[in-house]
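What follows is a short report on a single structure.
The values are calculated or read from the model by the stated rules, or taken from the named source; none is laboratory data. These numbers come from a predicted model, not from an experiment. Neighbour counts are summed over all protein chains in view; Cβ atoms, including those assigned to glycine, are modelled from backbone coordinates with ideal geometry.
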Ligand SMILES: Nc1nc2c(ncn2[C@@H]2O[C@H](COP(=O)(O)OP(=O)(O)O)[C@@H](O)[C@H]2O)c(=O)[nH]1
Ligand code: SF4
Ligand SMILES: [Mg+2]
């Protein structure tokens, strides 16, 4: 269970959207080469979105999300449509499925919605065995700059083209994602990663952002030294050459910042995550907005996974509120949400502080930040908020300020 959620953030989420009965479930089966989705002539057979994980080399793990269709009718239909639409928050790529030459206002609206949400789209013109796409249709899509593929699940044609189009679009959109850490540590140089092993640390392993940082440094041909904060001093003393970067768990920011000489760049895992998965600029601005908070203001603390809070020392419930209250000089009012629930009404809040979101994909974090932006509520993450409260945000941001760094 834990293992599955741990990798979810890295799976490319591909949603199949379109009217009922166009062949979405059939396409899921064809792409996965399995009968995982129920195919039927009866409109509305697929009810709640169904997720099917699969490997799609060279992109790696993906999940295909078969949806109900957004043209559902009746009360039950509305519920399904809400769930189907909510799923869009997680999709990094949408296959907008229609039958050849059946393009209408429904498809146009869907395309518009994806554009607004900045989700890449591939239009799938299915059932091409019945009728080939007309020149007018393909010309219209070409003029809109939309990638399209004609398929026939029954005839088994176009499925490989669709697979290639998915790989191509996903690779392009992922290449726009800023790296996690490797650009901050030149090849051959060393990064020290500080990983406290406290009550919140999971048994027998280290958490995903730390694992991802190690992997990213290996990919960048840099060296990596992983220590607890209690061994940081020895690690620094043992190295013959200064490390290029020290990255710490945000909870040890104060301690680590005091131990690491000023001429060694230092930042936090959450700061790296904000750049890699979030909207760096707006989340840094969100941390700075703590300066405008007044005692009595309401703050939403959002965690993406539903781990059990650690009773006395929980980061989201105890430590972060304490640091924020100290920074504000009085008591703020805190609400906490966990998992996929995210307050639909953000108007009572003066700030949203999100966890690192290691179990969420980039699109989901972007969607949440989008909600905050539209509601006019500043949003930041744990690490950035802690750095601000402790007065070390400028130091934690300094490694990103060199002009060679992509942000
Ligand atoms: N002729 C033809 N029929 C198809 C094709 N793809 C799906 N179908 C049929 O269309 C019907 C609806 O398919 P389904 O996958 O359940 O559509 P969904 O509602 O969009 O998920 C089923 O009877 C399928 O067998 C295709 O490429 N050609
Ligand atoms: S609370 Fe957030 S950052 Fe912490 S483990 Fe869960 S998803 Fe990851
Ligand atoms: Mg279906």
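Kindly provide the set of residues from region 13-34 that are near ligand 3 (Cβ under 10 Å from one of its atoms) and without any contact (Cβ under 8 Å) to a residue 60 or more places away in the chain, ordered by number.
Passing the criteria: 20, 21, 25, 28.
Here is a list: 191, 201. Which entry is free of Cβ contacts under 8 Å to residues at least 60 places away in the same chain and part of a loop (DSSP other than H, G, I, E, B)?
Every option except 201 fails the conditions.
Given the residues 145, 156, 104, 69, which is the only one that is under 30 Å from the mean Cα position of the chain (by Cα) and exposed (fewer than 14 other Cβ atoms within 10 Å of the Cβ)? Reasoning before the result, please.
Working: 156 fails: under 30 Å from the mean Cα position of the chain (by Cα); 104 fails: under 30 Å from the mean Cα position of the chain (by Cα); 69 fails: exposed (fewer than 14 other Cβ atoms within 10 Å of the Cβ).
None of the others qualify; the one that does is 145.
Would you confirm whether any residue within region 171-179 is part of a loop (DSSP other than H, G, I, E, B), without any contact (Cβ under 8 Å) to a residue 24 or more places away in the chain and under 21 Å from residue 280 (Cβ atoms)?
yes
Could you tell me whether any residue of region 348-362 is free of Cβ contacts under 8 Å to residues at least 40 places away in the same chain and more than 16 Å from ligand 3 (Cβ to nearest atom)?
The answer is no; no qualifying residue exists.
Counting only residues that are within 32 Å of the chain's Cα centre (by Cα) and surrounded by fewer than 20 Cβ atoms within 10 Å (Cβ to Cβ), which one in region 123-142 is nearest to ligand 3 (Cβ to nearest atom)?
141
Could you say which residue among 354, 340 is under 22 Å from the mean Cα position of the chain (by Cα) and either loosely packed, with under 14 Cβ neighbours inside 10 Å or farther than 18 Å from residue 393 by Cβ (or both)?
340
In region 285-306, what residues are within 24 Å of the chain's Cα centre (by Cα), buried (at least 16 other Cβ atoms within 10 Å of the Cβ) and part of a loop (DSSP other than H, G, I, E, B)?
304, 305
Given the condition surrounded by 21 or more Cβ atoms within 10 Å (Cβ to Cβ) and touching a helix residue (DSSP H, G or I) at 6+ places or on another chain (Cβ under 9 Å), answer yes or no: does some residue in region 324-335 qualify?
yes
Just to be sure I understand, how many residues within region 282-295 are free of Cβ contacts under 8 Å to residues at least 40 places away in the same chain and in contact with a strand residue (DSSP E or B) (Cβ under 7 Å, 6 or more places away or on another chain)?
0
What strands (runs of 3 or more DSSP E), lying completely within region 39-156, carry at least 2 residues that are at pLDDT below 90 and at negative phi?
Numbers: elements: 50-56, 60-66, 93-99, 121-126, 147-150.
The qualifying strands (runs of 3 or more DSSP E) are 50-56.
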